[in-house]
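> Below is the structure I would like to discuss, written out as structure tokens.
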Protein chains: 4
Amino acid sequence: MKCGFLEVSLIKVGIVGGTGYTGVELLRLLAAHPEVELRTITSRADAGIAVSTMFPSLRGHVELGFVHPDQAHLEQCDLVFFATPNGIAMQQARSLLEAGVRVIDLAADFRLQDVEVWKKWYGMEHACPDLIGKAVYGLPEINRERIKQARLVANPGCYPTAVQLGFIPLLEAGLIECGSLIADAKSGVSGAGRKAELPIMLAEAADNFKAYGVSGHRHLPEIKQGLAQAAKQEIGLTFVPHLVPMIRGIHATLYARLKRDADVQALYEQRYKHEVFVDVMPAGSHPETRSVRGANGCRIAVHRPQQGDTVVVLAVIDNLVKGAAGQAVQNMNIMFGLPETMALTHIPLSP
Amino acid sequence: MKCGFLEVSLIKVGIVGGTGYTGVELLRLLAAHPEVELRTITSRADAGIAVSTMFPSLRGHVELGFVHPDQAHLEQCDLVFFATPNGIAMQQARSLLEAGVRVIDLAADFRLQDVEVWKKWYGMEHACPDLIGKAVYGLPEINRERIKQARLVANPGCYPTAVQLGFIPLLEAGLIECGSLIADAKSGVSGAGRKAELPIMLAEAADNFKAYGVSGHRHLPEIKQGLAQAAKQEIGLTFVPHLVPMIRGIHATLYARLKRDADVQALYEQRYKHEVFVDVMPAGSHPETRSVRGANGCRIAVHRPQQGDTVVVLAVIDNLVKGAAGQAVQNMNIMFGLPETMALTHIPLSP
Amino acid sequence: MKCGFLEVSLIKVGIVGGTGYTGVELLRLLAAHPEVELRTITSRADAGIAVSTMFPSLRGHVELGFVHPDQAHLEQCDLVFFATPNGIAMQQARSLLEAGVRVIDLAADFRLQDVEVWKKWYGMEHACPDLIGKAVYGLPEINRERIKQARLVANPGCYPTAVQLGFIPLLEAGLIECGSLIADAKSGVSGAGRKAELPIMLAEAADNFKAYGVSGHRHLPEIKQGLAQAAKQEIGLTFVPHLVPMIRGIHATLYARLKRDADVQALYEQRYKHEVFVDVMPAGSHPETRSVRGANGCRIAVHRPQQGDTVVVLAVIDNLVKGAAGQAVQNMNIMFGLPETMALTHIPLSP
Amino acid sequence: MKCGFLEVSLIKVGIVGGTGYTGVELLRLLAAHPEVELRTITSRADAGIAVSTMFPSLRGHVELGFVHPDQAHLEQCDLVFFATPNGIAMQQARSLLEAGVRVIDLAADFRLQDVEVWKKWYGMEHACPDLIGKAVYGLPEINRERIKQARLVANPGCYPTAVQLGFIPLLEAGLIECGSLIADAKSGVSGAGRKAELPIMLAEAADNFKAYGVSGHRHLPEIKQGLAQAAKQEIGLTFVPHLVPMIRGIHATLYARLKRDADVQALYEQRYKHEVFVDVMPAGSHPETRSVRGANGCRIAVHRPQQGDTVVVLAVIDNLVKGAAGQAVQNMNIMFGLPETMALTHIPLSP
């Protein structure tokens, strides 16, 4: 790209694992990014196939084909996104970092600072525990300055993004009892990934609603870690995820007890007034997941039913955008000194 | 119907307001009830139209046409169901009762014992406050004996049915802190009735999820009244309803703090072991709304995540059956000395 | 079951392959059938598991567990339903028939009379071509008399049921040009079976519509065979199936050219006036798939747009009931001399 | 906007009737258009309300409020879009045109050249029949040159766009019998507009499929007019629209008889090779509506099942984009000499 006499080179980007929903969503966002050159996208199983054959929505927009990881030359990239299952990025991160490549992992490999907790919840040894401490948790609204310098970013999970953005103002302000937080979260089925599994088939999941993972969900320790940092103390959290018969969207309904009276509406507006991707809605609002469909925003409303001491926070995101690929691009923009909103100004698709 | 030499007369049933979802669901259930003679069904707006013209699903099963209320001769019925908006049944109940007709109101006119609370939440004067005390709240699992004798039954709301069945065992046992109960409830759109309103159009409500009525929903006082009776003390409740992009079903996710350790699974199994319409699922289960689709059951699972002191109860019903028409037929069966399950043995439709 | 002094024994029924949608639907229907004793249900993969563990909707209604085929003692049954993939029933039919067991195959093994055509479309050798001629095609509306005597019934496919019931009156009357029939058919996703496959996941199939199999679908030769028999001549048919983002239901939109003027409404009413499961709707109607949801009916409307010579037939069924399990039970009733509607009088679930 | 020393003024745009789906979709597209200044948007009923209050998806993107038509000063615009019900644009077009304002009507007022046909199908007198002849039918793929000069554009209907783009190559080439064309079309519910009507409520339309308007739909004469122009002769068409339980999308399945053998795949590729918004997919493809969700494209596949003489064309569009607002913006770009794709390069949202 030329800007006057100065030649500015594009960011050479590689994507590892491009056949899932976070992968195709990264492609949708990056294909329209003016400062990005999509260099390669890997898939072990689908090497040789044109990306647009698998995803016809990309016909005319993405010319790449899937490349076998061994032929991908990822070390020639400036930045590699891992849109892979858990446990892949940690295998490859070290060599890429040593080659000077920056890494954003959309999976969970570098999200938990305590490697023992990670091992317990993810059921495997960690391949590079020493890198965990160097990874920056990529939630810009709390970590923007550290992300600017990061070489390795752990992109937050979808539920953790919604729950943390919803709870943080109250916790930072020390307004709520930290021992008994409740996060009742609901997600569209794309959150389960592009996998052929019975419970997320249309004939099973449509016209139906259920909770899952009540005994324990992998996002629980990630959320607790983030909330504890904001609260500067341990927190107690009950987290119940539910499956909604819709494609995209997360709605987190959060409950906490106020320790003292406060203007919570003003608190949220103040906390997020400079955050372009967090929209604190007018008092009394009920944000809908479709109001952020396809966009990188998080909309939040705060309620105190019957003016009691229970505060109810409603937070919505698109799990594939602010909850995954969009936040990853936001992190990339921050890491590379670009305007944070670049290529992320989509207006939500409604209806 | 003949049974040996004894002529047993059928129950002559009238339905007031048969053009809504509770009305058509009553028709589905009653048309197959062996002890019921459907005598009349009224509709002011659609008088003269065949029921099966409006509801083709009833073609071949229901021959009635809608009758104008003035021509319905409801006083000749043994039982009249009101499947009307709030505020109608209270206009007509007295004269029907005086004529010896029993009444089941599927709306809210007789649900709240405190008429002042009723006026506040329903925004109108009550037409017959003296009858409120004579009405029996028709939740058989707590009121069966009183229902047997009732002349006027207030059929519970859909959310209140699910939330009460979910909380009652804990409250009756005195196991939980009563001041900070949370009911995060989710309903399919048929709960809003058969009304043409923007927010429940497919193009608005599909592929979407949102909360509504967080500041206060009419079912809140009804639930609090029932829970307080079970607890024998005042209770504090935060109730947040949500709209799910599905047709039928309610899923209540309930949160409470245990005051002492207890085997909650055994508690629930014990409480409901004689209740044919309440199914306590095995420990660790996640009941799905579709598992009761079209049927009068309520399925419940109890969890204690991470063995902490927060108990999470999951309760599902079909809002139109156990949450409305089915429960009304159950009440009718009890009132008329019939087997409680008569005409209510549908196997849920799945998938 | 006792009827006066005469002890009438129940029909001992076995189901082979009970873990798919036709299997669970058979269970829903047969569990409420007063003349059936469900003896055994087999599953190679899930032997030992309670049926109601896999299908919670059956809790309280079906006590059976899945049995390994080798332990099933199917030869002790009076009737065995095969709710299996194609190619299974033909392996076991001979020994069962020789043991005096009657067989209803819900798959395609015995639907096509021409074994060469069968081999071409199903891609395998036929295990017992000599039995094909003894099998009766189980569409009661055309084959009732033969079904009464049948030992082996080939239950029709879902699309073929809707398309044949829609076209037959015109073909039998010789009213239409047979060379260029068009069947534009639309099915809910349960028609694809209870299989975890990408295209029928909710995130792929919801909020979406597409055709599939335009170059050739296995139901094409079955439909052509049936239509040719009705027409008593070869017919030409273009059959295009589509996938609808719904769970159950088939809508067939059929197009044909009239050879001469005729009262097609009267023709259909006459043809089906004694068919309890075929409902010819009033002229001008548009039957909806939900109007037969969960029920064994087929609703049909006939149109002549702008009074031209193109006749448009709209036919809807529930693919799992009249298109599979319900029709199988209807065939069983006929084979065993029971009232044809026994246990098939469900009122469709609407909404 | 400045470009060197030359001041280039933005196109001043007004929208009449901005509260429907075509209105909000125009806002989504135009708010991101670099050459457009959104001046005013009118609504009689909602004057004074912020657009983003009604459509929260536009929060942060559109600052306008709805203005009463009397205060809108539309005559100061360069271009006015009518996103109104039928019969409104014809009331106001003359005065706007006389004031030098260009007009694009997204409703049907100027689509039919024969005013008698228009009156018959739309049930009212036409307010300015003399303007009909001056209006240009805004289907760029056939009328691009005339659109460049147009002052008044009749934006095509959604079904007509899909059906015409699908049939035109065959008709222009004279390859098919014109007397018996069939268009079996399926639309998402947003095609019915943002109106609270029973049949398009979620509880009525979800998990359901039906045809409608078989006896005659207003888009029939519009389609016939366009096809006849392409064929240069009268055509016979049977058009059957269906309602799909999805939000956006049209799928047209088109049937025609070939008069002689031809390479239809090559024909379509040739016809559309310069059309950026029409994608002829590889032979054997089945385009899905979601592959154009939110985008201005039309994807087409051509089939000849069993190599017979029936050709089956599958064409998909997003009814709100290429079928309405997107095509209107495309027309605007052409009328104002801008690149045709400006602000229309959205990548479809998938999943």
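The values are calculated or read from the model by the stated rules, or taken from the named source; none is laboratory data. Since we're looking at a predicted model, the values are computed, not measured. Backbone-built Cβ (ideal geometry, glycine too); neighbour counts: all protein chains shown.
> Which of the residues that make up the stretch B:25-45 are assigned to a loop (DSSP other than H, G, I, E, B) and either at pLDDT below 95 or out of contact with any helix residue (DSSP H, G or I) (no Cβ under 9 Å at 6 or more places or on another chain) (or both)?
Let us first name the residues in the stretch B:25-45 that are assigned to a loop (DSSP other than H, G, I, E, B), namely B:31-35, B:43-45.
Matches in the stretch B:25-45: B:Ala32, B:Pro34, B:Ser43, B:Arg44, B:Ala45.
> Look through A:Glu269, A:Glu275 and report the one residue that is at negative phi, touching a strand residue (DSSP E or B) at 6+ places or on another chain (Cβ under 6 Å) and away from chain B (no Cβ under 14 Å). Steps first, please.
On the way: A:Glu275 fails: touching a strand residue (DSSP E or B) at 6+ places or on another chain (Cβ under 6 Å).
Every option except A:Glu269 fails the conditions.
> I want to confirm something. Restricting to the stretch C:136-161 and keeping residues that are among the hydrophobic types (A, V, I, L, M, F, W, C) and farther than 30 Å from D:Leu181 by Cβ, which single residue is surrounded by the fewest Cβ atoms within 10 Å (Cβ to Cβ)? Talk me through it step by step, then tell me what you get.
Keep residues of the stretch C:136-161 that are among the hydrophobic types (A, V, I, L, M, F, W, C), which gives C:136, C:139, C:142, C:147, C:150, C:152-154, C:158.
With farther than 30 Å from D:Leu181 by Cβ added as a condition, the list becomes C:136, C:139, C:142, C:147, C:150, C:152-154.
Numbers: C:Val136: 20, C:Leu139: 22, C:Ile142: 18, C:Ile147: 22, C:Ala150: 21, C:Leu152: 23, C:Val153: 29, C:Ala154: 26.
Of everything passing the filter in the stretch C:136-161, C:Ile142 is surrounded by the fewest Cβ atoms within 10 Å (Cβ to Cβ).
> Let me ask something else about it. Keeping to the stretch D:65-96, report how many residues are modelled with pLDDT of 95 or more and surrounded by 16 or more Cβ atoms within 10 Å (Cβ to Cβ).
Of the residues in the stretch D:65-96, 20 are modelled with pLDDT of 95 or more and surrounded by 16 or more Cβ atoms within 10 Å (Cβ to Cβ).
> Among the residues in the stretch B:162-171, are any surrounded by fewer than 24 Cβ atoms within 10 Å (Cβ to Cβ) and assigned to a loop (DSSP other than H, G, I, E, B)?
no
> Filter the stretch C:169-200 down to the residues that are more than 9 Å from chain A (Cβ to nearest Cβ), within 25 Å of A:Ile247 (Cβ to Cβ) and among the hydroxyl-bearing types (Ser, Thr, Tyr) and list them by number.
C:Ser187
> Continuing with this model, one more query. Restricting to the stretch B:236-249, give me the number of residues that are under 27 Å from A:Asp309 (Cβ atoms) and in contact with a Lys or Arg (Cβ under 8 Å, 6 or more places away or on another chain).
To start, the set of residues in the stretch B:236-249 that are under 27 Å from A:Asp309 (Cβ atoms) comprises B:236-243.
Remaining after also requiring in contact with a Lys or Arg (Cβ under 8 Å, 6 or more places away or on another chain): B:237, B:241-243.
Summing the residues that are under 27 Å from A:Asp309 (Cβ atoms) and in contact with a Lys or Arg (Cβ under 8 Å, 6 or more places away or on another chain) in the stretch B:236-249 gives 4.
> Which one is modelled with the lowest pLDDT among residues in the stretch B:1-24 that are closer than 25 Å to B:Ile247 by Cα and not hydroxyl-bearing (Ser, Thr, Tyr)?
Looking only at the stretch B:1-24, we keep the residues that are closer than 25 Å to B:Ile247 by Cα, and these are B:15-24.
Filter once more, so that each one left must be not hydroxyl-bearing (Ser, Thr, Tyr): B:15-18, B:20, B:23-24.
Working: B:Ile15: 98, B:Val16: 97, B:Gly17: 92, B:Gly18: 87, B:Gly20: 94, B:Gly23: 95, B:Val24: 94.
Result: B:Gly18.
> Those residues that are within 16 Å of A:Arg290 (Cβ to Cβ) and either among the hydrophobic types (A, V, I, L, M, F, W, C) or modelled with pLDDT under 95 (or both), I need them from the stretch D:50-59; list them, please.
D:Met54, D:Phe55, D:Leu58
> Which ones in the stretch A:24-51 are more than 14 Å from every other protein chain (Cβ to nearest Cβ) and of a type outside the set (Val, Ile, Thr)?
Within the stretch A:24-51, A:Glu35, A:Glu37, A:Arg39, A:Ser43, A:Arg44, A:Ala47, A:Gly48 meet the criteria.
> A follow-up question, please. Kindly provide the set of residues from the stretch C:208-257 that are in contact (Cβ under 8 Å) with a residue 60 or more places away in the chain, assigned to a loop (DSSP other than H, G, I, E, B), under 21 Å from D:Phe209 (Cβ atoms) and more than 7 Å from chain D (Cβ to nearest Cβ), ordered by number.
The one that is in contact (Cβ under 8 Å) with a residue 60 or more places away in the chain, assigned to a loop (DSSP other than H, G, I, E, B), under 21 Å from D:Phe209 (Cβ atoms) and more than 7 Å from chain D (Cβ to nearest Cβ): C:Arg248.
> Looking only at the stretch B:108-135, which residues are surrounded by 22 or more Cβ atoms within 10 Å (Cβ to Cβ) and not in a loop (DSSP other than H, G, I, E, B)?
B:Trp118
> Now for a separate question. Of the residues B:Gly18, B:Gly65, B:Gly60, B:Gly48, which single one is within 23 Å of B:Ile334 (Cα to Cα) and small (Gly, Ala, Ser)? Steps first, answer last, please.
Values: B:Gly65 fails: within 23 Å of B:Ile334 (Cα to Cα); B:Gly60 fails: within 23 Å of B:Ile334 (Cα to Cα); B:Gly48 fails: within 23 Å of B:Ile334 (Cα to Cα).
On inspection, the qualifying residue turns out to be B:Gly18.
> Can you go through C:Leu258, C:Leu220, C:Leu267 and tell me which one is in contact with a Pro (Cβ under 6 Å, 6 or more places away or on another chain) and over 30 Å from B:Arg248 (Cβ atoms)?
Criteria check complete, one pass: C:Leu267.
> What number of residues within the stretch B:282-320 satisfy the criterion of being within 25 Å of A:Ala183 (Cβ to Cβ), among the aliphatic types (A, V, I, L, M) and more than 9 Å from chain A (Cβ to nearest Cβ)?
Counting residues in the stretch B:282-320 that are within 25 Å of A:Ala183 (Cβ to Cβ), among the aliphatic types (A, V, I, L, M) and more than 9 Å from chain A (Cβ to nearest Cβ) gives 7.
> Considering only the stretch A:179-195, I want to know if a residue exists there that is under 23 Å from A:Thr84 (Cα atoms) and surrounded by fewer than 15 Cβ atoms within 10 Å (Cβ to Cβ).
The answer is yes, given that some residue of the stretch A:179-195 is under 23 Å from A:Thr84 (Cα atoms) and surrounded by fewer than 15 Cβ atoms within 10 Å (Cβ to Cβ).
> For the stretch B:287-309, check the following and say yes or no: at least one residue is aliphatic (A, V, I, L, M) and either more than 24 Å from B:Gln330 (Cβ to Cβ) or more than 24 Å from the chain's Cα centre (by Cα) (or both). Don't jump to the end; show me each part of the working.
Residues of the stretch B:287-309 that are aliphatic (A, V, I, L, M), as a first pass: B:292, B:295, B:300-302.
After this cut, where a residue has to be either more than 24 Å from B:Gln330 (Cβ to Cβ) or more than 24 Å from the chain's Cα centre (by Cα) (or both) as well, the list is none.
Checking the stretch B:287-309: not a single residue is aliphatic (A, V, I, L, M) and either more than 24 Å from B:Gln330 (Cβ to Cβ) or more than 24 Å from the chain's Cα centre (by Cα) (or both).
> Residues of the stretch C:52-101 being within 14 Å of chain B (Cβ to nearest Cβ), assigned to a helix (DSSP H, G or I) and either free of Cβ contacts under 8 Å to residues at least 24 places away in the same chain or out of contact with any Ser or Thr (no Cβ under 7 Å at 6 or more places or on another chain) (or both), which ones?
Those that are within 14 Å of chain B (Cβ to nearest Cβ), assigned to a helix (DSSP H, G or I) and either free of Cβ contacts under 8 Å to residues at least 24 places away in the same chain or out of contact with any Ser or Thr (no Cβ under 7 Å at 6 or more places or on another chain) (or both): C:Ser52, C:Thr53, C:Pro56.
> Here's another thing I want to ask about it. Working only within the stretch D:321-351, note down all residues that are crowded, with 24+ Cβ neighbours inside 10 Å, farther than 14 Å from D:Cys298 by Cβ and away from chain A (no Cβ under 14 Å).
If the condition is that a residue be crowded, with 24+ Cβ neighbours inside 10 Å, farther than 14 Å from D:Cys298 by Cβ and away from chain A (no Cβ under 14 Å), then D:Ala328, D:Asn331, D:Met332 are the ones that fit.
> Take the conditions farther than 25 Å from A:His303 by Cβ, facing another protein chain (nearest Cβ under 10 Å) and touching a Lys or Arg at 6+ places or on another chain (Cβ under 9 Å) and apply them to A:Ala203. Does it pass? Can you show your working first?
On the way: farther than 25 Å from A:His303 by Cβ: yes; facing another protein chain (nearest Cβ under 10 Å): yes; touching a Lys or Arg at 6+ places or on another chain (Cβ under 9 Å): yes.
Yes, satisfied.
> Next question. Looking at (1) in contact with a strand residue (DSSP E or B) (Cβ under 7 Å, 6 or more places away or on another chain); (2) assigned to a helix (DSSP H, G or I); (3) of a type in the set (Gly, Ala, Ser), which one does A:Gly14 not meet, given that it meets all the others?
So A:Gly14 meets the others, but not (2).
> Checking the conditions here, which among B:Thr84, B:Thr40 is closer than 30 Å to B:Val136 by Cβ and in contact with a Cys (Cβ under 9 Å, 6 or more places away or on another chain)?
Numbers: B:Thr84 fails: in contact with a Cys (Cβ under 9 Å, 6 or more places away or on another chain).
It is B:Thr40.
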